[in-house]
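The values are calculated or read from the model by the stated rules, or taken from the named source; none is laboratory data. Keep in mind that what you see is a predicted model, and the values were worked out from it rather than measured. For accessibility, only protein heavy atoms count, side chains too; no ligands or nucleic acids. Shrake-Rupley method; radii C 1.70, N 1.55, O 1.52, S 1.80 Å.
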Amino acid sequence: MHEPARVIAVTSALQGEGKTTLSCNLAIALAEAGWRVLLVDADLRRPKVGDYLGIDRGVGLTDVLVGDVQVGDVVQRWGDKSLLVLPSGSAPPNPSELLGSKAMSDLLLALRESADIVIIDTAPLLAVTDGVVVAVQADGALLVTQQGRTSRAQVAAAARALHSVSVRLLGCVLNMARVPKAEAYQYEAYRVVAAASGGQSVPTDRSRAGRHAERAHAGEVSDHTQELTRLSR
(Lines give C-alpha, C1' and ligand atoms only; values in the text may rest on other atoms or scores of the structure.)
Protein backbone atom coordinates (compact mmCIF):
# COMPACT_ATOMS: atom_id res chain seq x y z
CA MET A 1 0.00 0.00 0.00
CA HIS A 2 1.27 3.47 -0.92
CA GLU A 3 2.12 5.60 2.11
CA PRO A 4 0.86 9.20 2.06
CA ALA A 5 3.43 11.68 0.79
CA ARG A 6 5.47 13.88 3.07
CA VAL A 7 4.63 17.55 2.51
CA ILE A 8 7.47 20.05 2.99
CA ALA A 9 6.95 23.82 2.89
CA VAL A 10 9.97 25.87 1.85
CA THR A 11 9.94 29.45 3.05
CA SER A 12 12.17 32.30 4.18
CA ALA A 13 12.07 35.34 6.41
CA LEU A 14 12.48 37.86 3.58
CA GLN A 15 12.07 38.07 -0.15
CA GLY A 16 15.03 37.19 -2.36
CA GLU A 17 16.82 34.72 -0.08
CA GLY A 18 16.78 31.87 -2.58
CA LYS A 19 13.86 29.75 -1.34
CA THR A 20 12.51 29.09 -4.84
CA THR A 21 15.92 28.03 -6.12
CA LEU A 22 16.23 25.68 -3.16
CA SER A 23 12.73 24.31 -3.74
CA CYS A 24 13.48 23.53 -7.38
CA ASN A 25 16.89 22.00 -6.74
CA LEU A 26 15.59 19.90 -3.85
CA ALA A 27 12.72 18.61 -6.00
CA ILE A 28 15.07 17.74 -8.87
CA ALA A 29 17.56 15.98 -6.58
CA LEU A 30 14.84 13.88 -4.93
CA ALA A 31 13.35 12.97 -8.31
CA GLU A 32 16.79 11.90 -9.54
CA ALA A 33 17.06 9.68 -6.48
CA GLY A 34 13.92 7.86 -7.59
CA TRP A 35 11.22 9.50 -5.49
CA ARG A 36 7.95 10.57 -7.09
CA VAL A 37 8.04 14.30 -6.40
CA LEU A 38 5.42 17.00 -6.88
CA LEU A 39 6.61 20.62 -6.71
CA VAL A 40 3.87 23.17 -6.00
CA ASP A 41 4.31 26.91 -6.49
CA ALA A 42 2.20 28.40 -3.70
CA ASP A 43 3.91 31.79 -3.69
CA LEU A 44 0.91 33.35 -5.40
CA ARG A 45 2.13 36.94 -5.06
CA ARG A 46 5.57 36.52 -6.65
CA PRO A 47 5.61 33.09 -8.33
CA LYS A 48 8.99 32.08 -9.76
CA VAL A 49 8.97 28.27 -10.09
CA GLY A 50 7.63 28.41 -13.65
CA ASP A 51 10.29 30.91 -14.68
CA TYR A 52 13.12 28.93 -13.09
CA LEU A 53 12.07 25.61 -14.63
CA GLY A 54 11.01 27.02 -17.98
CA ILE A 55 7.36 25.97 -17.84
CA ASP A 56 4.11 27.83 -18.45
CA ARG A 57 2.64 29.14 -15.20
CA GLY A 58 -0.47 30.75 -16.67
CA VAL A 59 -2.83 28.06 -15.37
CA GLY A 60 -2.17 26.21 -12.14
CA LEU A 61 -2.78 26.15 -8.40
CA THR A 62 -5.05 29.19 -8.23
CA ASP A 63 -7.26 27.88 -11.00
CA VAL A 64 -7.54 24.49 -9.28
CA LEU A 65 -8.51 26.07 -5.97
CA VAL A 66 -11.29 28.18 -7.49
CA GLY A 67 -12.64 25.15 -9.31
CA ASP A 68 -11.93 26.20 -12.90
CA VAL A 69 -9.73 23.19 -13.73
CA GLN A 70 -8.79 19.77 -12.36
CA VAL A 71 -5.31 19.39 -10.89
CA GLY A 72 -4.50 16.53 -13.25
CA ASP A 73 -5.07 18.81 -16.22
CA VAL A 74 -2.51 21.44 -15.20
CA VAL A 75 0.40 19.52 -13.63
CA GLN A 76 3.41 19.44 -15.90
CA ARG A 77 6.18 16.85 -16.12
CA TRP A 78 9.67 18.31 -15.91
CA GLY A 79 12.57 16.61 -17.65
CA ASP A 80 12.70 12.83 -17.89
CA LYS A 81 12.55 12.19 -14.15
CA SER A 82 9.63 11.45 -11.84
CA LEU A 83 9.05 15.15 -11.19
CA LEU A 84 5.71 16.86 -11.68
CA VAL A 85 5.19 20.59 -11.23
CA LEU A 86 2.00 22.43 -10.31
CA PRO A 87 2.62 26.09 -11.27
CA SER A 88 1.00 29.05 -9.55
CA GLY A 89 -1.65 29.88 -12.12
CA SER A 90 -3.46 33.20 -12.43
CA ALA A 91 -2.88 35.89 -9.80
CA PRO A 92 -5.69 35.87 -7.22
CA PRO A 93 -6.96 38.93 -5.31
CA ASN A 94 -6.96 37.02 -2.00
CA PRO A 95 -3.92 34.70 -1.77
CA SER A 96 -4.05 34.09 1.99
CA GLU A 97 -7.74 33.21 2.01
CA LEU A 98 -7.32 30.92 -0.99
CA LEU A 99 -4.33 29.09 0.48
CA GLY A 100 -6.16 28.61 3.77
CA SER A 101 -9.36 27.39 2.17
CA LYS A 102 -10.93 23.94 2.38
CA ALA A 103 -10.14 23.57 -1.33
CA MET A 104 -6.41 23.82 -0.52
CA SER A 105 -6.75 21.33 2.32
CA ASP A 106 -8.61 18.88 0.07
CA LEU A 107 -6.03 19.33 -2.68
CA LEU A 108 -3.13 18.51 -0.37
CA LEU A 109 -4.94 15.38 0.81
CA ALA A 110 -5.26 14.27 -2.81
CA LEU A 111 -1.62 15.10 -3.59
CA ARG A 112 -0.43 13.09 -0.58
CA GLU A 113 -1.90 9.99 -2.22
CA SER A 114 -0.30 10.68 -5.58
CA ALA A 115 3.38 11.21 -4.79
CA ASP A 116 6.14 10.30 -2.35
CA ILE A 117 7.14 13.86 -1.53
CA VAL A 118 5.31 17.15 -2.06
CA ILE A 119 7.46 20.29 -1.93
CA ILE A 120 5.65 23.61 -1.65
CA ASP A 121 7.36 26.90 -2.40
CA THR A 122 5.70 29.51 -0.18
CA ALA A 123 5.83 33.24 0.43
CA PRO A 124 8.29 34.84 2.90
CA LEU A 125 7.08 34.70 6.50
CA LEU A 126 7.72 38.28 7.56
CA ALA A 127 6.10 39.88 4.52
CA VAL A 128 2.65 38.28 4.43
CA THR A 129 0.72 35.53 6.21
CA ASP A 130 0.62 33.23 3.15
CA GLY A 131 3.71 31.25 4.17
CA VAL A 132 2.36 30.41 7.62
CA VAL A 133 -1.04 29.50 6.18
CA VAL A 134 0.62 26.95 3.89
CA ALA A 135 3.22 25.69 6.35
CA VAL A 136 0.60 24.79 8.96
CA GLN A 137 -0.86 22.30 6.46
CA ALA A 138 2.52 20.66 5.80
CA ASP A 139 4.49 18.10 7.79
CA GLY A 140 7.22 20.63 8.39
CA ALA A 141 9.04 23.63 6.98
CA LEU A 142 12.52 24.45 5.72
CA LEU A 143 13.60 28.01 6.51
CA VAL A 144 15.99 29.60 4.00
CA THR A 145 18.23 32.48 5.09
CA GLN A 146 20.83 34.47 3.19
CA GLN A 147 24.25 35.04 4.69
CA GLY A 148 25.02 38.68 5.18
CA ARG A 149 21.43 39.79 4.61
CA THR A 150 19.05 38.11 7.03
CA SER A 151 19.62 39.31 10.57
CA ARG A 152 19.45 37.03 13.59
CA ALA A 153 16.38 38.92 14.74
CA GLN A 154 14.63 38.28 11.43
CA VAL A 155 15.49 34.58 11.48
CA ALA A 156 14.22 34.35 15.06
CA ALA A 157 11.01 36.17 14.13
CA ALA A 158 10.43 33.79 11.22
CA ALA A 159 11.02 30.78 13.45
CA ARG A 160 8.60 32.19 16.02
CA ALA A 161 5.97 32.64 13.32
CA LEU A 162 6.21 28.93 12.55
CA HIS A 163 6.33 27.93 16.20
CA SER A 164 3.25 30.00 17.00
CA VAL A 165 1.12 27.72 14.80
CA SER A 166 2.94 24.53 15.85
CA VAL A 167 4.75 24.05 12.54
CA ARG A 168 7.71 21.68 12.80
CA LEU A 169 10.91 23.45 11.73
CA LEU A 170 12.82 20.81 9.78
CA GLY A 171 15.92 22.91 9.44
CA CYS A 172 17.41 26.25 8.51
CA VAL A 173 19.40 26.57 5.28
CA LEU A 174 22.17 29.17 5.11
CA ASN A 175 22.08 30.25 1.48
CA MET A 176 24.63 32.14 -0.62
CA ALA A 177 27.30 31.52 1.99
CA ARG A 178 30.76 32.83 1.16
CA VAL A 179 33.32 30.06 0.83
CA PRO A 180 37.03 30.82 1.39
CA LYS A 181 39.07 30.47 -1.80
CA ALA A 182 41.06 27.56 -0.40
CA GLU A 183 37.89 25.61 0.35
CA ALA A 184 36.29 26.59 -2.95
CA TYR A 185 39.27 25.10 -4.78
CA GLN A 186 38.75 21.78 -2.98
CA TYR A 187 35.13 21.62 -4.17
CA GLU A 188 36.06 22.05 -7.84
CA ALA A 189 36.65 18.28 -8.12
CA TYR A 190 33.03 17.61 -7.20
CA ARG A 191 31.40 20.01 -9.64
CA VAL A 192 28.55 18.39 -11.59
CA VAL A 193 28.35 19.03 -15.33
CA ALA A 194 24.77 19.48 -16.53
CA ALA A 195 23.55 18.61 -20.00
CA ALA A 196 20.77 20.63 -21.62
CA SER A 197 17.83 18.83 -23.19
CA GLY A 198 14.82 20.63 -24.60
CA GLY A 199 15.63 23.75 -22.64
CA GLN A 200 15.80 21.85 -19.36
CA SER A 201 19.03 21.03 -17.54
CA VAL A 202 19.39 18.23 -15.05
CA PRO A 203 22.59 16.81 -13.52
CA THR A 204 23.70 13.73 -15.41
CA ASP A 205 26.18 11.94 -13.20
CA ARG A 206 24.49 11.49 -9.83
CA SER A 207 24.05 7.94 -8.62
CA ARG A 208 20.58 6.49 -8.05
CA ALA A 209 19.45 5.93 -4.48
CA GLY A 210 19.21 2.32 -3.29
CA ARG A 211 15.85 0.69 -3.29
CA HIS A 212 14.15 3.56 -5.08
CA ALA A 213 16.34 3.33 -8.17
CA GLU A 214 13.96 1.27 -10.25
CA ARG A 215 11.23 3.85 -9.74
CA ALA A 216 13.18 6.77 -11.16
CA HIS A 217 11.60 6.85 -14.62
CA ALA A 218 7.95 6.86 -15.55
CA GLY A 219 6.85 6.85 -19.20
CA GLU A 220 5.12 9.82 -20.78
CA VAL A 221 1.36 9.77 -20.32
CA SER A 222 -0.75 11.70 -22.79
CA ASP A 223 -3.65 12.18 -20.35
CA HIS A 224 -2.43 14.62 -17.68
CA THR A 225 -5.28 13.54 -15.44
CA GLN A 226 -3.57 10.18 -15.02
CA GLU A 227 -0.03 11.45 -14.43
CA LEU A 228 -0.60 11.91 -10.71
CA THR A 229 -1.57 8.27 -10.28
CA ARG A 230 0.36 6.43 -12.98
CA LEU A 231 3.87 7.27 -11.85
CA SER A 232 5.51 3.99 -10.86
CA ARG A 233 5.29 3.27 -7.14
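On a per residue basis, the range 50-146 carries 35 Å² of accessible surface, using protein heavy atoms and a 1.4 Å probe. Couplings for the range 49-55, taken from phi via the Karplus curve 6.51 cos²θ - 1.76 cosθ + 1.60 with θ = phi - 60°, read 4, x, 5, 5, 9, x, 10 Hz in order; Gly and Pro are left as x.
Percent antiparallel among DSSP beta bridges with both residues in the range 67-176, to the nearest 5? Kindly include the intermediate steps, with their values, before the conclusion.
On the way: 2 of 8 bridges.
If I count the DSSP bridges inside the range 67-176, around 25 percent turn out antiparallel.
Here the 3J(HN,Hα) profile of the range 32-48, calculated from phi with Karplus coefficients 6.51, -1.76 and 1.60 at θ = phi - 60°, is 5, 7, x, 6, 8, 10, 10, 9, 10, 8, 9, 8, 6, 8, 9, x, 10 Hz, Gly and Pro shown as x. In this structure, the amide hydrogen of Val144, modeled 1.01 Å from its nitrogen in the peptide plane, lies closer than 5 angstrom to those of Thr11, Ser12, Ala13, Val173, counting only residues at least 5 positions away or on a different chain. Backbone phi angles across the range 76-85, fed through the Karplus curve with coefficients 6.51, -1.76 and 1.60 (θ = phi - 60°), yield HN-Hα couplings of 10, 7, 10, x, 10, 9, 7, 10, 10, 10 Hz in residue order; Gly and Pro are listed as x. Ligands, DNA and RNA left out, the 1.4 Å accessible surface of the range 23-122 is 50% carbon and sulfur atoms.
Subtract the Cα-Cα distance of Gln70 and Ser166 from 0.36 nm times their separation in residues, and report this length gain in nm to one decimal.
On the way: separation 96, 0.36 × 96 = 34.56 nm, distance 3.09 nm.
Extending this stretch completely gives an extra 31.5 nm.
Quick query: amide H of Val40 versus all other amide H atoms, modeled in the peptide plane; which residues come in under 5 Å with a sequence gap of 5 or more or a different chain? When sequence neighbours closer than 5 places are left aside, the close amide H contacts are Leu86, Ile119, Ile120, Asp121.
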